[in-house]
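Structure first, commentary second.
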């Protein structure tokens, strides 16, 4: 097990970093001490700095530094005194490298642990800045916020060798959104992602993971935007995770989408890299026709789609154990196991878990949830990001979990 450089305020054994497929994964790093205490209660700026220090400390276990991060993802308290622009600027200053990593910052109304205001997840590739194929898509920071940044540019797409990251995009131009229609916004977002991928020499078909967020708490609200997103992919497409959000920046944004993937350069041309799929018959299907797969293996890493407690082997969208978080969590983890087994892997091979779960906002609820997850993992918990939610897709469905594993 990796050296415990800091820990979550959770009593069971867990790791803060693991490697898979040449990448290092850090779970939800907060401003935690070696004993799991929040060091700067009530101070988002200080917690942000402390969490970034902890990301770098964890990456150091795998021989990486913060400069090796290809993608950083933050979940922050939106009413704690820092705007999203201020957060992005602070992260870029702390990394201190050009190009900056791909950074996604998501406002969330709840945090998993008492006193916490931010958590940060990282994916790093050791030494990528010294590699031969680095491509970056940049966008100028709007003038109203430019003074916050040492260099007023955002990384809208980054390719570090074969691996690429396109951070979360909304339909906003600066601080304004031109339409209040979710489907129209989705087309704007997907068009922007498509253009960025093109500048990186890639397409949606090269994605290994799609993540997204939308306003809505019913399947009907989900379906229209889901079908729109899916229309930009063809089968077999990347594993996907899309969950409800309850805040987005700026106000008026209704959805946000990001992608990770791989593309190789071969004889001077960019090429698709074939991957293996796993979709055991027991694992559920979507209630509308979409092209995504449930699990893909590429370059020594297994990526799963977001698993939910839908009825097994069926596309009816009916939840098992409706509204019961603990039973649904255990059931959902059984789907993760099924997908991993399709590649000859087990939960002991997990390098990262990302979990969205319905919560009352208390640390006690997070601990109950983590106990349920830990009971389903062979060995210590891998690096884990726990995003507490006031509400998930419906009253019946309380959890969604996806992961990356060594394979």
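Since every read-out is calculated from the coordinates, none of them should be taken as a lab result. Keep in mind it's a predicted model, so treat the numbers as computed, not measured. With ideal geometry, Cβ positions are generated from the backbone for all residues, glycine too; neighbour counts draw on all protein chains shown.
Output the peptides 249-257, 152-160 sorted from most to least packed, where packing is the average of other Cβ atoms within 10 Å over each peptide's residues. Each step should come with its number before you reach the end.
On the way: 249-257: 20.0, 152-160: 22.3.
Descending packing order for the listed peptides: 152-160, 249-257.
Taking 0.36 nm per intervening residue step and subtracting the Cα-Cα distance, what contour gain separates residue 97 from residue 315 on full extension? Intermediate results must be reported in sequence, preceding the final value.
Numbers: separation 218, 0.36 × 218 = 78.48 nm, distance 4.60 nm.
Stretched out fully, the residue 97 to residue 315 stretch lengthens by 73.9 nm.
Given a Förster radius of 22 Å and the C-beta distance between residue 79 and residue 175 as r, what FRET efficiency does 1/(1 + (r/R0)^6) yield to the nearest 0.05? Could the numbers behind the result be given before it?
Values: r = 17 Å, r/R0 = 0.77.
Taking R0 as 22 Å, the efficiency between residue 79 and residue 175 is 0.80.
What FRET efficiency would be calculated for the residue pair residue 194, residue 276, taking the C-beta separation as r and a Förster radius of 22 Å, to the nearest 0.05? Let's see the in-between values first.
Details: r = 25 Å, r/R0 = 1.15.
Between residue 194 and residue 276 the formula returns 0.30.
Full-extension gain between residue 395 and residue 251, please, as 0.36 nm times their residue separation minus the C-alpha to C-alpha distance.
Values: separation 144, 0.36 × 144 = 51.84 nm, distance 2.51 nm.
The residue 395-residue 251 span can extend by a further 49.3 nm.
I want the antiparallel fraction of DSSP beta bridges within the chain, as a percent rounded to 5.
75
For the range 346-407 and the range 321-338, what is the centre-to-centre distance using only Cα atoms, to the nearest Å?
10
Have a look at the DSSP beta bridges in the range 1-125 and tell me what percent are antiparallel, nearest 5. Don't jump to the answer; show the numbers that get you there.
On the way: 16 of 22 bridges.
Bridges in the range 1-125 that DSSP calls antiparallel: roughly 75 percent.
Evaluate the relative contact order of the chain (contact order divided by residue number), counting alpha-carbon pairs under 8 angstrom at least 6 apart; express in whole percent.
Numbers: 987 pairs, mean separation 71.5, N = 407.
Dividing the mean separation by the residue count of the chain yields 18 percent.
Please report how far the C-alpha centroid of the range 61-110 lies from that of the range 272-289, rounded to the nearest whole angstrom.
So the separation of the two Cα centres works out to 32 Å.
What Kirkwood hydrodynamic radius, in Å, does the range 11-160 give when the mean of 1/r is taken over all pairs of distinct Cα atoms and then inverted?
On the way: mean 1/r = 0.0634 Å⁻¹.
Every distinct Cα pair counted, the radius reaches 15.8 Å.
Please work out the Cα center distance from the range 1-59 to the range 183-212, rounded to the nearest Å.
The range 1-59 and the range 183-212 have Cα centres spaced 30 Å from each other.
Could you calculate the FRET efficiency of residue 266 with residue 130 from 1/(1 + (r/R0)^6), where r is the beta carbon distance between them and R0 is 25 Å, rounded to 0.05? Display every interim value, and only then the final one.
Details: r = 21 Å, r/R0 = 0.83.
Efficiency, from the Cβ-Cβ distance: 0.75.
Under a plain spin-label model, where a point goes 7 Å from the Cα along Cα-to-Cβ, how far apart in nm are residue 223 and residue 138?
4.6
Gain in length, residue 151 to residue 67, computed as 0.36 nm per residue apart minus the alpha-carbon separation, to one decimal in nm?
Numbers: separation 84, 0.36 × 84 = 30.24 nm, distance 1.62 nm.
Net length gain for the segment: 28.6 nm.
Mind checking Rg over Rh on the range 295-407, alpha carbons, Kirkwood formula for Rh? The partial results should precede the final answer.
Working: Rg = 13.5 Å, Rh = 14.1 Å.
Result: Rg/Rh = 0.96.
When all alpha-carbon pairs of the range 149-204 are counted, what percent fall beyond 15 Å? Walk me through the numbers before you get to the answer.
Values: 840 of 1540 pairs.
Result for the distance tail: 55 percent.
Working only with C-alpha atoms, what are the Rg and Dmax values of the chain, expressed in angstrom?
Expressed in Å, the Cα Rg and Dmax of the chain come to 19.4, 55.
What number, rounded to the nearest 500 deg cm²/dmol, is the helix-based mean residue ellipticity at 222 nm of the chain, given -39500 (n - 2.57) per DSSP H run of at least four residues and division by all its residues?
Working: 6 runs with 89 residues, N = 407.
Calculated from helices alone, the mean residue ellipticity at 222 nm is -7000 deg cm²/dmol.
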